[in-house]
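See below for the structure under consideration.
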Amino acid sequence: MSPPPPTTYSPCRRPTMIASTAAAVAAAALATLVSVPPAAAVPEPPRRDLRGPLHGPVSVVTPFDPPAERWLSGHRGVDLAAPPLTTIRAPAGGTVLFAGPVGGRPVISIDHGAGLRTTYEPVRATVRTGAGVTTGDAVGHLLTGHAGCPVDSCLHWGARVASGGPSGDDDYIDPLSLLAVDARPIRLKPTLPGDGVE
């Protein structure tokens, strides 16, 4: 039995293999970057002096949860718990853009100037389209029937700002971010074992 032939080493083969592996890794990384769209940025609130649309502190049952892209599903406002027929108030001065049904749901929309618009549903309006309102004016009464509300009735409160982009679409923002400091909901840190709280 004869010994196997000696293995010859080619100094060019190893660098070529390293270069092609590096190229494959780079191509995979680039493909990942191209195929994963960046999360949509939520714009800064144009002001922070609004009052809550309900009397007293707000009780959030469903928070703002914007979609990553305009066409995807998400929660473009906050749901606030309140008893049926609660008076809904203008959180700031403005003009009523719309008061009526949209897709069978009663909606109110108020233009606050500087591209800011707030919306409320399901609300039976006590104001008309075109009416001027000041902070705290009654604009309607909360009705039952908001889909996904875990209590008797919820006010869906939304806020949009003009994007100024070529599409002309508005950007949704968290309406709670528009509230004055003393009107914001209190968020308590949960206590953990060992925190010294009994």
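Applying a 10 Å radius around every beta-carbon, put 80-87, 154-161 in order of their mean neighbour count, most first.
Top of the packing list down: 154-161, 80-87.
Each label point is 7 Å from the Cα along the Cα-to-Cβ direction; what then is the distance between the points at residue 128 and residue 48, in nm?
Inter-label distance under the simple model: 3.9 nm.
Share of region 79-119's accessible area from carbon and sulfur, percent, 1.4 Å?
Carbon and sulfur: 59 percent of the exposed surface of region 79-119.
Taking the alpha-carbon set of region 113-180, what are its Rg and Dmax in Å?
When restricted to Cα atoms, region 113-180 yields Rg and Dmax of 14.0, 41 Å.
The values are calculated or read from the model by the stated rules, or taken from the named source; none is laboratory data. Owing to the predicted nature of the structure, the values given are computational and were not obtained by experimental measurement. In this analysis, Cβ positions are derived from the backbone assuming ideal geometry, glycine residues included, and neighbour counts consider all displayed protein chains. We work out accessible area using only protein heavy atoms, side chains counted, and drop any ligands, DNA or RNA first. Shrake-Rupley method; radii C 1.70, N 1.55, O 1.52, S 1.80 Å.
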